[in-house]
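S.K.: First, the structure itself, so that you have it in front of you.
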Amino acid sequence: MKKTILTRTTISKCSIDNHCLRCGKWASNPGVPGITLRATLLVAVIFVVISGDLWAEGSEIEKSSVDFGPLVIAHRGASRDAPENTIAAFRLAWKQHADAIEGDFHLTKDGHIVCIHDKNTKRVARENLVVKESTLKQLRALDVGKHPGKAYKGSVIPTIAEVFSTVPEKKKIYIEVKCGAEIIEKLLSEIRKSGLKREQIALISFNKEVIRKFKTKAPDLKALLLVSFKRTKLGEIRPAQETVMKDLALCSADGLSASRQSNSKEFIKKVMTAGYEYHVWTVDDVKTANRFKELGAMSITTNVVGLMKQNFTKQNRPQLQ
Ligand code: G3P
Ligand code: CA
């Protein structure tokens, strides 16, 4: 297999080889061969000093990135508390200490990238425009601030540049491409213009061609294949595991981002053993989230960011062993 196996660990097992304590990044060597008890204690002490500094001096946002466990990704922003895929929803997600935001993107008729889930505006606005047949100006004239109360009245469909501009240092964005590969050139140009770092960006898509072309043009950027698993009337989960494994290889994905129905321990292990990352969506209850954490999910996409952050932060407070 071409991939290096990535693993996750807790503070008690953590080493500088596999998980950067400051930035939370994953590295490729899970083992700690030959490490002595003294060295382990030294690392633990250094960690306590460093993390203490961060908790004491860091911004509210930075505080959330010193804990462990899966990254908590705000699904369409803080979409339980604000209209989905709006700047208000993304800003609120950061306030709720999300590690990352997820948003859905389409290309307009005049070549702009906008943040909206469906291919038309029917569900989020009063008027129904088809995104790819409309100009940015037409789309921006719509009010997508539908939400109980009037707090978000007047919200507009954001451009991808506006969404990028909300992403704080050390936080990430998961860009879901909802249209076809025709978006890629423009997307890469927007990514370049954004000034975001490589590790702050991940592309996600159900469209294998989008992943394949993106990885061809930007092999250094992360791309995860989205797969929605369904149970058939006969009780089988589809697509089949072999199909998914083949698809991951064919489109050169870095990993799988799966719906929560794909929760078999064996399958998740198979994905990770083959060197792919495993991520899961959309999980809004703590019990299920904790199970996926145990199974090794690198991120959990949720509509309830505050609840998930509280859950993982509580579990992962650093402790000297
Ligand atoms: O993170 C993946 C998830 O967002 C895919 O489902 O329908 O919410 O875009 P959907
Ligand atoms: Ca999405």
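S.K.: Just want the answer: with Cβ charges of +1 for Lys and Arg and -1 for Asp and Glu, which residue in Ala161, Val177, Asn120 is farthest toward the dipole's positive end in segment 93-180?
M.R.: Comparing the listed Cα positions along the dipole, Asn120 ranks first.
S.K.: Which trypsin sites (Lys or Arg not before Pro) from segment 207-239 combine a DSSP loop assignment with at most 13 other Cβ atoms within 10 Å?
M.R.: Those satisfying the criteria are Lys233.
S.K.: Could you check the simple spin-label distance between Ala151 and Phe206, using points 7 Å along Cα→Cβ, in nm with one decimal?
M.R.: 3.0
S.K.: Between Gln310 and Ala240, what is the label-point separation in nm under the 7 Å Cα-to-beta-carbon projection?
M.R.: Those two pseudo-labels are separated by 4.5 nm.
S.K.: While we're here: For segment 259-319, which trypsin sites (Lys or Arg not before Pro) pass both filters: DSSP loop (anything but H, G, I, E, B) and at most 13 other C-beta atoms within 10 Å?
M.R.: none
S.K.: Still on this structure, please answer the following. Would you mind putting 235-246, 87-98, 181-192 in packing order, based on average other-beta-carbon counts within 10 Å, highest first?
M.R.: 87-98, 181-192, 235-246
S.K.: Can you sort Leu221, Leu107 so the residue with the fewest Cβ neighbours within 10 Å comes first?
M.R.: By the 10 Å Cβ count, ascending, the order reads Leu221, Leu107.
S.K.: Another question about this same structure. For segment 195-249, what are Rg and Dmax over the alpha carbons, in angstrom?
M.R.: Rg, Dmax (Cα atoms, Å): 14.1, 49.
Each value in this text was obtained by applying a stated rule to the coordinates, not by laboratory testing. Every value quoted in this text rests on a predicted model; they were computed, and no experiment measured them. Note that each Cβ is placed from the backbone with ideal geometry, even for glycine, and that neighbours are counted across all protein chains shown.
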